[in-house]
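Comments concern the structure below.
The values are calculated or read from the model by the stated rules, or taken from the named source; none is laboratory data. Values in this document were obtained by computation on a predicted structure and should not be read as measured data. In this analysis, Cβ positions are derived from the backbone assuming ideal geometry, glycine residues included, and neighbour counts consider all displayed protein chains.
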Amino acid sequence: MTDDPQEGRTEPPPASFTARIVTVVIGGLLIGLVAVLATRDEVDSGADSSPLVGHVVPALSGTTLDGTAFDIDSARGSWVLLNFFASWCIPCHEEHPELVAFAERHADGSARVVSVTMPSDRPSDTRAFFEKNGGSWPVIVGADSAPATFVVLQVPESFLIAPSGVVVGKWNGQLTADEVDAVIAQFTEGS
């Protein structure tokens, strides 16, 4: 028997060996993540998810910019693109030509745009926005509870409502008229 206390012990691996193992493990994880992201399914419509999708649109009524009363139930029978916006919102300015194009495409009444201002927006600013940028659809002002009802976190946000009154799509951020028409086409082709 020897009195050597080091006998039977193995030396720990050198630091460079440990660093290589950690690098290989992290590299493997990154490659796996890239593979998952590269092979996942894309969203078909470009629309975002929402707990409102698939349900009847919540109650929404108010006074429009021109002083008339509006109730979302009065829009039943046609597609409605409900757009939450603010006159101070830069993405809303950028999106607005798409809303105008959508409204013009559906001048036959098959679809319409309805806008809802955010509580922080002043009616005078909203009026100036529409005078400058166009759009002759109803603009609801003073419906301060509407953003909370629709769970609008930031503008622009839009909801597509089918003629039956069911919410079928939602967009967070800017949308295009083509994206909205593509969702409408998905629902009308099966009819």
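Here is how the numbers come out for the structure above:
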{"quantity": "Segment 163-175, residues that are closer than 17 Å to R105 by Cβ and over 12 Å from the mean Cα position of the chain (by Cα)", "calculated": "P163"}
{"quantity": "Unmet criterion (only one of (1) among the aliphatic types (A, V, I, L, M); (2) modelled with pLDDT under 95; (3) touching a Phe, Trp or Tyr at 6+ places or on another chain (Cβ under 6 Å)) for L82", "calculated": "(2)"}
{"quantity": "The lone exception for D71 - which of (1) modelled with pLDDT under 65; (2) closer than 18 Å to I140 by Cβ; (3) not hydrophobic (A, V, I, L, M, F, W, C) it fails", "calculated": "(1)"}
{"quantity": "Condition met for T126 (of a type outside the set (D, E) and out of contact with any strand residue (DSSP E or B) (no Cβ under 6 Å at 6 or more places or on another chain))", "calculated": "no"}
{"quantity": "Segment 71-90, subset surrounded by fewer than 18 Cβ atoms within 10 Å (Cβ to Cβ) and in contact (Cβ under 8 Å) with a residue 40 or more places away in the chain, residue nearest to F150 (Cα to Cα)", "calculated": "D73"}
{"quantity": "Candidate set: segment 156-181, residues that are in contact with an Asp or Glu (Cβ under 9 Å, 6 or more places away or on another chain) and of a type in the set (A, V, I, L, M, F, W, C); chosen: the one surrounded by the fewest Cβ atoms within 10 Å (Cβ to Cβ)", "calculated": "A177"}
{"quantity": "Pick from segment 105-138, criterion of a type in the set (S, T, Y) and over 22 Å from I161 (Cβ atoms), ranking: surrounded by the fewest Cβ atoms within 10 Å (Cβ to Cβ)", "calculated": "S124"}
{"quantity": "Among the residues listed as D121, D144, D178, the single one being at pLDDT 95 or above and at negative phi", "calculated": "D178"}
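Conditions tested, residue by residue: (1) assigned by TED's automatic domain parsing to the domain that holds D66; (2) without any contact (Cβ under 8 Å) to a residue 60 or more places away in the chain; (3) part of a helix (DSSP H, G or I); (4) of a type in the set (A, V, I, L, M, F, W, C).
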| residue | (1), (2), (3), (4) |
| --- | --- |
| C92 | yes, no, yes, yes |
| D108 | yes, yes, no, no |
| D125 | yes, yes, yes, no |
| K132 | yes, yes, yes, no |
| D144 | yes, yes, no, no |
| V152 | yes, no, no, yes |
| S164 | yes, no, no, no |
| V167 | yes, no, no, yes |
| V183 | yes, no, yes, yes |
